[in-house]
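Everything below concerns the one structure shown next.
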Amino acid sequence: MGTLYEEIVAYGGEVFGEEHMETLLQCVQCGKCTGGCPSGRNTALRTRKLFRMAQEDMREEIFNAPELWFCTTCFTCYERCPKGVKTTDVIRIIRNLAAKEGHMSVPHRMIGVYVLKTGHAVPIGPDQMKIRESLGLDSQPPTTQKYKEQLEQVQDIFRTTQFDAMIDFDWDKMDLRGKEGGEKK
Amino acid sequence: MSEETKEYAYFLGCITPNRYPGIEATTKKIFKGFGIETKEMVGASCCPAPGVFGSFDMYTWLPVAARNLAIAEEMGLEIYVTCNGCYGSLQEADHLLKEHPKVKERVNEVLSKFGREYKGTTKVNHSIVILHDVIGLDRLKERITKPLKDINVAVHYGCHFLKPREVRGHGSSETPYILEDLVKVTGAKEVDYKDKLMCCGAGGGNRTADTPQSLEWMRQKIVNAIEAGADCMVHPCAFCHLQLDRGQAELEKGYGVFFNFPILFATQLIGLAMGLSIKEMGLDIQTTTMPEKLAK
Ligand code: SF4
Ligand code: SF4
């Protein structure tokens, strides 16, 4: 395995382009990202520090930092970075790499469960169906939750990309295999 | 602007149809009044949420988004959305798939298993851009029957409508104008407030990762708007709506303060000025209530 930087470029490169990910090396630690980060006001997230740690290959420290998940992907730092570092996309790819190794909280994995079961991160229930009717709408929108054969296509995608295994999804229970502990391992 | 009928595929996503269907009903109704027909996207799923699914696994996020795009392509229509999450996801996916042929190939291989293909022939539009540019401010103005006089409105953009600029294409993310123009059309006054462009705190899995902390961003936002004299907040995003509206109930539960600061989706503010009722727009069944002065 190479350095974290190399992994970021390799993993993010196919979807964003390698040059896009390579901007991580351009970070000069000016701190403008941290200065405008709305999360940093309320949380331990220090965007500047995160990129320093990534440059210095502090893989385990980054993957284990809870604040890695306190970025809302608001793209403020992305627009303001004077060196053109593609900040938010680098953060998302670091999270992808962390998640692949099981660093994914149970509540986050539950979002995956809802999508696997219904095709929706926020599914509909009977109360909302009544509200829809009172507004003159069909009680259920014509989405994957209504049509089984359509939902199966989405489930098929999750199987192909092995997202089901990533969150430890049990197809018999249609739920997580276990919910104890914060992280998968 | 042409008066002829135009058809769009409405990508509903999750929160609009399943939590705030009033946004769906209002948007369809207003669009119809201007000759814009809405077609349903049969079999659409979660967009899927860009910050959160993009954070878990780009290579799962992308084919699910591409499948949704393919449904609109099969219909031969452009898409409109009422959520920045859906906009963020579908527009970004469309952009990336067009820019990077290798990943497009990989995605189409996944979709081919059930006979679908992403071709790159649709376009993802935000409903507020349709209001602003397709219907246009002049035509909107003609239909304002109940101008919102003496109403101060705080504008909240959310994040993924404006940023990243290279994907969104709505000009500056620091001095936007679309929502401000739409507020002006209703006769209300747009008021500036501290940290107007700040995120609602919900995205990227943050709301799920740490709900109380995420609600704190929202609390700051609402307090800033109230201090600037705003009577309500208007925004273009169903997910922000959930955070800003239902979040106020969660704040009450956790901290015992209930601001009851009214939250409206952009088409709902315009609907008020066009004389639509609170009830038909679903504004009577959310957490925050509309004051006399807005609901008359
Ligand atoms: S603003 Fe850009 S260059 Fe400055 S610290 Fe942040 S990422 Fe590095
Ligand atoms: S994208 Fe994330 S790190 Fe950057 S300013 Fe927003 S919350 Fe902070």
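The values are calculated or read from the model by the stated rules, or taken from the named source; none is laboratory data. Please read all numbers here as calculations on a predicted model, not as lab measurements. In this analysis, Cβ positions are derived from the backbone assuming ideal geometry, glycine residues included, and neighbour counts consider all displayed protein chains. The accessibility values were calculated without ligands, DNA or RNA, using every heavy atom of the protein model including side chains. Shrake-Rupley method; radii C 1.70, N 1.55, O 1.52, S 1.80 Å.
Descriptive notes on the structure:
- Test: residue in the stretch A:35-45 that is more than 14 Å from chain B (Cβ to nearest Cβ), near ligand 1 (Cβ under 10 Å from one of its atoms) and at pLDDT 95 or above: no
- Of residues in the stretch A:1-34 being small (Gly, Ala, Ser) and away from chain B (no Cβ under 13 Å), the one nearest to ligand 2 (Cβ to nearest atom): A:Gly31
- Hits in the stretch A:78-90 - residues which are crowded, with 24+ Cβ neighbours inside 10 Å, more than 8 Å from chain B (Cβ to nearest Cβ) and near ligand 2 (Cβ under 9 Å from one of its atoms): A:Thr87
- Elements of type helices (runs of 4 or more DSSP H) contained in the stretch B:197-246, each with 2 or more residues being open to solvent by 30 Å² or more (accessible area, probe 1.4 Å) and at pLDDT 95 or above: B:211-227
- Residue identified as closer than 28 Å to A:Leu137 by Cβ and among the small types (Gly, Ala, Ser) among B:Ala225, B:Ala266: B:Ala266
- Residue within the stretch B:71-86 that is touching a Pro at 6+ places or on another chain (Cβ under 8 Å), part of a helix (DSSP H, G or I) and surrounded by fewer than 24 Cβ atoms within 10 Å (Cβ to Cβ) present: no
- Among residues of the stretch B:126-143 that are without any contact (Cβ under 8 Å) to a residue 12 or more places away in the chain, those with a Cβ under 9 angstrom from a residue that is open to solvent by 70 Å² or more (accessible area, probe 1.4 Å), sequence gap 6+ or separate chain, pair up as B:Asp133/B:Met1.
Residue by residue, here is whether (1) touching a helix residue (DSSP H, G or I) at 6+ places or on another chain (Cβ under 9 Å); (2) on the phi < 0 side of the Ramachandran plot; (3) not assigned by TED's automatic domain parsing to the domain that holds A:Thr161 holds:
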site: A:Thr34; (1), (2), (3): yes, yes, yes
site: A:Asn42; (1), (2), (3): yes, yes, yes
site: A:Arg52; (1), (2), (3): no, yes, yes
site: A:Glu56; (1), (2), (3): yes, yes, yes
site: A:Glu61; (1), (2), (3): yes, yes, yes
site: A:Asn64; (1), (2), (3): yes, yes, yes
site: A:Thr73; (1), (2), (3): yes, no, yes
site: A:Thr87; (1), (2), (3): yes, yes, yes
site: A:Arg92; (1), (2), (3): yes, yes, yes
